[in-house]
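The values are calculated or read from the model by the stated rules, or taken from the named source; none is laboratory data. These figures come from a predicted structure and were not determined experimentally. Counting neighbours? That spans all protein chains shown, and the Cβs are built from the backbone with ideal geometry, glycine included. Side chains are part of the model used for accessible areas, which takes the heavy atoms of the whole protein and leaves out ligands, DNA and RNA. Shrake-Rupley method; radii C 1.70, N 1.55, O 1.52, S 1.80 Å.
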Amino acid sequence: MGFRIIMIENETTISIKLENLIIQKEDQKLWIPIDDISIIVIDNLKTTLTSRMLCQLASHNVGVIVCGHEHLPIGFFCSYDNHSRISKTIHYQINATTEYYNKLWQLIVQAKIQNQYKVLELLGKSTDTIIQLKNFCQEVTEGDIRNREAHAAKVYFNELMGCSFSRGNEELLLNSGLNYGYAIFRSYLAKLCVGYGLNSQLGIHHRNEYNRFNMADDLIEPFRPFVDYLSYSLLKHEEYFKIEHRHQLVNLLNHKINYKRKNMFLCNAMEEYVSNIATCITKKQLEIEFPDIKQYLGEPDEV
């Protein structure tokens, strides 16, 4: 799979030639091999794409994220399927038992809450709140029928931003960062799901019939605290959500993490993780290694 994340923010001409994406601005032409590209983020409403270009990008499993007038991701395009045994993998997805998915969701929620309280530890937040989140983590049951995930999220965000904080308040600056970062991660995971033969509509816990990306919404949960940590660090003293903040949130995929005892880019860790989940669903196993925010190493030049 490709490794480059392309952001298009200025009015440019984009074309395809000889398996290359060509970006032209004024007298300059930038040639990028399509096989090197993982995601293209289009944040300019005057950008024009052709159907031929979309077909070429889809055939190489390149995801395209489109941003609206508020510079937040509003749409996502990816290949329909490009896995050699997709029907076999979907068969396993459909036939997995409710009991199996409940156990898998329990592990995902526990991994998410663990990363949430570790974010609070990294930021030097309240010890009492950290202990409360640890208790929530231990109380997560199969299928999370007691909804510890939601209780933990409320306590976690109140500690980060104060008791008046609401994830639904679009006027809060931090929410702009969270929404942007989550959308980038969600789109990237949806692309990976397709690449590993998982039907992104068939979720583990998320089952919305109108949602094409239920599986991605399940798998993103342990990665959300990475976005939380960077967004909080970027925006805590800011008044506006700026273009440089968007650049840094997109570039979070190129930050380093120690995962499976190896230093790698976060985007590569996501790929390993999705591959792990696909294998587990196929073989009905529950041997999953989740990302650990304490193993986050930052930008490559900082490692």
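Could you compute Rg(Cα) / (2.2 N^0.38 Å) for the stretch 127-284, with N its residue count?
Relative to the rule-of-thumb radius for its length, the stretch 127-284 sits at 1.10.
What does the highest-first list of 259-268, 232-241 look like by mean Cβ count within 10 Å?
Packing order, densest peptide first, comes out as 259-268, 232-241.
Can you list the trypsin sites (Lys or Arg not before Pro) in the stretch 1-34 that are in a DSSP coil and have 15 or fewer other beta carbons within 10 angstrom? If you can, show how the numbers build up before the last one.
Working: sites: 4, 17, 25, 29; in loops: none.
Here no loop site has a sparse enough neighbourhood.
Identify all lysines with a Cα-Cα distance to residue 103 below 18 Å; exclude those on the same chain that are fewer than 8 residues away in sequence.
112, 283, 284
Scan (i) 14.2; (ii) 15.8; (iii) 16.6 for the value of mean projected area of the Cα convex hull in nm² calculated from this model and give just the label.
Correct label is (iii).
Which helices of the chain meet both criteria: a Cα extent of 24 Å or more along the helical axis and a mean Kyte-Doolittle score no lower than 0.5, with helices taken as whole DSSP H segments?
Values: long enough: 98-122 (36 Å, -0.43); 173-195 (34 Å, 0.63); 266-283 (25 Å, 0.34).
TM-like helix candidates: 173-195.
Restricted to Cα positions, what overall size does the stretch 48-153 have along the principal axes? Three whole-Å values, descending.
Reported extents, whole Å, longest axis first: 56, 41, 20.
Give the cross-link partners of residue 191 among the aspartates and glutamates, using a straight C-alpha distance below 18 Å as the criterion and excluding same-chain residues fewer than 8 apart.
Qualifying aspartates and glutamates at Cα under 18 Å: 35, 36, 81, 217, 218, 221, 271, 272.
Treating cross-link reach as a plain straight distance, find the aspartates and glutamates whose alpha-carbon is under 12 Å from the alpha-carbon of residue 125, omitting any fewer than eight places away in the same chain.
List returned: 159.
Considering only protein heavy atoms and a probe of 1.4 Å, how much of the accessible area of the stretch 128-246 is carbon and sulfur, as a whole percent?
Values: 2450 of 5380 Å².
It is 45 percent, rounded to a whole number.
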